[in-house]
1. Evaluate E = 1/(1 + (r/R0)^6) for Asn175 and Asn44, where r is the Cβ-Cβ distance and R0 equals 30 Å; express this FRET efficiency to the nearest 0.05.
2. Longer than 18 Å from Cα to Cα, which of Lys111/Lys201; Lys92/Lys152; Lys111/Lys226; Lys55/Lys201; Lys155/Lys201; Lys92/Lys116 are they? Say none if no pair is.
3. Mind computing the radius of gyration and Dmax over the alpha-carbon atoms of region 62-120? Å is fine for both.
4. Could you compute the FRET efficiency for Glu157 and Ala240, with r as their C-beta to C-beta distance and R0 at 22 Å, rounded to 0.05?
5. Taking a virtual spin label 7 Å from the Cα of Ile30 along the C-beta vector, which residues in region 47-75 bring their backbone nitrogen under 12 Å of it?
6. Which cross-chain or sequence-distant (5 or more) residues have an amide H under 5 Å from the amide H of Thr171, H modelled 1.01 Å from N in plane?
7. What distance in nm separates the two pseudo spin-label positions at Lys226 and His316, each 7 Å out from Cα along the beta-carbon direction?
8. Could you give P(r) for region 82-152, binned at 10 Å from zero, as whole percent values over all Cα-Cα pairs?
Amino acid sequence: MDTVLTNNNDQYIRPGVANRAPLREKFVTIYEEFFQGLNPSANNPSFWDELFLLKVNASFLERCIMMTTEEHLSNLKTNITIIFTNCCLALKNTSQARRLHALETLCILLKSIFRKKFTNFGYDVLGLLTENDNHTQFKDLLTALQQILRSKDEKDEFQLLALHLLATIVTAMDNINQNSLIQFFLTPEMFDCFLYTIQSKPGTHQAFSSLFSVILIANYHKYEAKNLFLSRLSTISDPATLDSIISIIYGILSVSEAEFHRVLQAKTSYYKKFFNLLGNIIALPAENQTDEIPVNSGAGLLFMYELAYNNPTFIHLLFPAWFEEKKMQRS
């Protein structure tokens, strides 16, 4: 690993010139020691306060993990646990810079570890990150992220990073049913936190990311066992909340539809283009609060399917005229 790391330029503040040796980032030097099996934090009470003030070198830290074999990562368990534990503790630090850098480090650490191959994913990952496979540490991390999302004083950047970390954990495995870490998400508090973000941040990336995580978690073993997220999703009846969800789906699908028509028109004759253009003048969405929502037609269709299939109030809001007509016919 050492050879690979020293051949990259992103670890230097200043490259070597003439008789001057290259100046390396302090962040790089510290993490290189961690991944060599040393513990630079030993006997230094201020170590972590100082480290979390340093800018995170994401590419270097990611490479440290990716260039380390699964077997060697297991040998480095003590150091991995030290890093994870202190990052989690730093999320409660009063310094905004320290909290931000700790959260950035957690995002890179977990994302990179999830890309490694494990025999028993959830058990092995928790064993690597926590002391004595202590599930409480992982639960405490999720609680800290919930507090960040519920705080009215946190900046959008910080909350987006918290949601990114949550989504990274939820999507750690291609097959969601094999990701046993999702079991820790299946609590009323976590669902309510996501729902709060959807309600308080309508039409934003935060709302999209929250809904994305909710829908994925609701699919976790949904046919084999009772899923709290799926149950709670089916009972959402607050019109404002459902309107916010509908705006997210609309923002995704309408932009995808516009892109589809653009591609379609490029392949049709001039005559068809003219009439398609006339038809699309009415159909194309106006630029409004949905502009901030990321475009992902697959996610939009999944959102719509789960809500349409499981939540009767959602259907009533989508097709009020149809239900009113049916009601009049029965009366």
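Quick note: the coordinates plus some simple rules give every number you see, no bench work behind them. Treat the numbers as computed from the prediction; the structure is a model and nothing was measured. Here the Cβ is made from the backbone with ideal geometry for all residues, glycine too, and neighbour counts use every protein chain on show.
1. Details: r = 42 Å, r/R0 = 1.42.
With a Förster radius of 30 Å, E is 0.10.
2. Details: Lys111/Lys201 26 Å; Lys92/Lys152 15 Å; Lys111/Lys226 28 Å; Lys55/Lys201 29 Å; Lys155/Lys201 12 Å; Lys92/Lys116 29 Å.
Beyond 18 Å: Lys111/Lys201; Lys111/Lys226; Lys55/Lys201; Lys92/Lys116.
3. 12.5, 39
4. Values: r = 26 Å, r/R0 = 1.17.
The value I calculate is 0.30.
5. What the label zone holds, given the 12 Å backbone N cut-off, is 47-57.
6. Excluding prolines and chain starts, which carry no amide H, there are no hits.
7. 2.4
8. Bin by bin from 0 Å, the calculated values are 19, 51, 25, 5, 0.
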